[in-house]
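The structure appears right after this line, and notes come after that.
Read-outs: derived from the displayed coordinates by stated rules, not from any lab. Values in this document were obtained by computation on a predicted structure and should not be read as measured data. Here the Cβ positions follow ideal geometry from the backbone for every residue, glycine too, while neighbour counts run over all protein chains shown.
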Amino acid sequence: MINFTVGPVTASEEVLSIGTEQLPYFRTAEFSEIMLENEKYILKYSKAGRNARAVFMTCSSTGSMEAVIMNCFTKRDKLLVINGGNFGQRFADLCEIHEIPYVSIALEYGKKLRKEKLYEYDGQDFTGLLVNVDETSTGVLYDVEMLGEFCEKNHLFFVCDCVSSFLADSFDMEKLKADIMITGSQKVLACPPGISIIVFSEKAVERVNCLKTRSMYFNLKSMLKDQERGQTPFTPAVGILLQINVRLKEIERLGGVDKEVERVALQAKDFREKIKGLPFMLISESPANAVTPLHPLSANAYEIVLRLKEEYGIWVCPNGGELRDYLFRVGHIGALSHEDNSTLVKAFQDLKLRGLL
Ligand SMILES: *Cc1c(COP(=O)(O)O)cnc(C)c1O
């Protein structure tokens with residue numbers, strides 16, 4: 001199978017080979033050293049500022065989104081949620097569950113947030129802003145610089161879900177003055193699912209340390225405390241953390257974060273050029289590098305997903321809910337090549353010849 005989904009994606013040979021080894025015990029100096037090295041690389045690649053910190057949560061990235069809501073906000077906050085798809089809605093749902101006051105800025109599928117619309121919320125009583133930098137369900141990349149300026153002007157605690165954009169689109173946490181960055185192991189990091197990562201600005205660390213959290217497992221104060229010595233309060237996904245270590249060093253060896261972003265960008269560009277002339281509509285007004293959502297003009301999107309899987313040995317990503325028959329997505333992350341793009345495009349051409357596209 002060639003995997004064009006958005007996670008889990010194809011891992012490199014080196015990452016894969018670690019997965020076949022016996023796991024070490026983790027309350028050791030050696031494992032602590034790996035965890036501290038992981039933190040160092042994550043801070044470097046997110047371009048986090050002075051005294052920033054990172055923790056490694058054993059849960060999927062939704063767990064980290066929830067932990068951030070639980071540990072950084074209270075009923076006295078009032079948040080702005082940029083809601084342009086499934087992941088924006090997830091932040092809104094989390095605010096509902098944890099009874100954090102919020103207002104959703106609802107956007108049509110595929111549309112970016114314009115400055116005029118954002119500034120309708122300027123100078124009000126908001127205290128924080130939540131955004132999925134790449135709204136992966138529609139592949140829209142929001143203008144984080146615009147959001148960062150807005151947050152600075154309005155003194156908002158700025159949370160960036162970069163689950164699918166970290167290492168795929170450039171991100172400078174310090175320059176943006178972002179307070180939180182969230183990512184996960186199974187997207188551009190191209191490791192198995194199970195670990196998600198939270199980066200904290202200095203201000204975010206202070207905030208977490210002075211708020212009370214009613215949770216044992218999702219307590220970021222204790223995560224931060226233990227990570228000071230490269231440990232976690234409970235047994236982490238040891239194997240995935242070792243794979244992440246190998247992968248972070250692989251990125252370093254291949255030229256660092258900017259090079260990785262460029263590689264994903266070229267993979268996306270190559271695909272978008274190759275599908276010109278095929279009966280698809282690109283729906284994203286401001287396309288992120290990680291994924292291309294396609295609307296087939298004269299076929300059912302979900303049927304194409306199934307046919308590619310069953311007849312061509314290719315996985316692409318279906319959309320859920322009301323978009324299932326309208327849209328599917330082609331990922332550009334993981335160990336994919338331009339040749340893989342050509343294989344997928346040939347399958348599209350074949351479907352067209354057969355009158356199925
Ligand atoms: C994949 C993704 C998540 C969460 O994914 P999990 O399934 O919880 O790992 C959150 N936000 C965005 C933008 C994503 O792409």
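Brief remarks on what is shown
- Estimated translational D of the range 81-222 in µm²/s (Stokes, Kirkwood radius over Cα pairs; 10 °C; 1.306 mPa s): 101
- Order by protection proxy (mean Cβ within 10 Å, highest first), peptides 298-307, 191-200: 191-200, 298-307
- Sorted by Cβ density within 10 Å, fewest first, the residues Met70, Met173: Met70, Met173
- Taking the helices alone, the chain has a mean residue ellipticity at 222 nm of -12500 deg cm²/dmol, built from -39,500 (n - 2.57) per DSSP H run of at least 4 residues and averaged over all its residues.
- Debye, to nearest 20: dipole size of the range 168-230, +1 on Lys, Arg Cβ, -1 on Asp, Glu Cβ: 300
- Summed side-chain charge close to Asn219 - residues other than Asn219 whose Cβ falls under 13 Å, Lys, Arg +1, Asp, Glu -1: +2
- Across all Cα atoms of the range 9-89, the radius of gyration (one decimal) and Dmax (whole number) stand at 17.2, 49 Å.
- For the peptides 316-329, 235-248, the ranking by mean Cβ contacts within 10 Å, running from highest to lowest, is 235-248, 316-329.
- Amide H contacts of Ser137: Asn86, Phe87, each under 5 Å away and 5 or more positions distant or on a separate chain (H built 1.01 Å from N in the peptide plane; Pro and chain starts excluded).
- Checking the cross-link pairs Lys111/Lys352; Lys115/Lys203; Lys221/Lys249; Lys44/Lys212; Lys44/Lys117 against a 31 Å limit on the alpha carbon distance flags Lys44/Lys117 as lying beyond it.
- For the range 256-353, the fraction of C-alpha pairs more than 23 angstrom apart is 21%.
- Taking other C-beta atoms within 10 Å as the exposure proxy, Asp122, Asp143, Asp350 rank Asp122, Asp350, Asp143 from fewest upward.
- The charge dipole of the chain, taken about its Cα centre with unit charges on the Cβ of Lys, Arg, Asp and Glu (plus for the first two, minus for the last two), comes to roughly 200 debye.
- From the C-alpha gyration tensor of the chain, square roots of 5λ in Å: 33, 26, 17
- Fewest-first sequence of Thr20, Thr292 by Cβ atoms within 10 Å of each Cβ: Thr20, Thr292
- Candidates per trypsin sites (Lys or Arg not before Pro) in the range 1-76, loop by DSSP, up to 12 other Cβ within 10 Å: Arg27, Arg50, Lys75, Arg76
- Selected from Met146, Met65, Met181 as most flexible by GNM, with the chain as the system and alpha-carbon contacts under 10 Å: Met146
- Our note on the geometry: Cα centres of the range 6-61 and the range 226-264, 3 Å apart.
- Across Leu266, Leu336, Leu23, mean-square fluctuation computed from a Gaussian network of the chain (C-alpha pairs under 10 Å connected) peaks at Leu23.
- Taken about its Cα centre, the range 262-330 carries a charge dipole of roughly 180 debye when the Cβ of each Lys and Arg holds +1 and the Cβ of each Asp and Glu holds -1.
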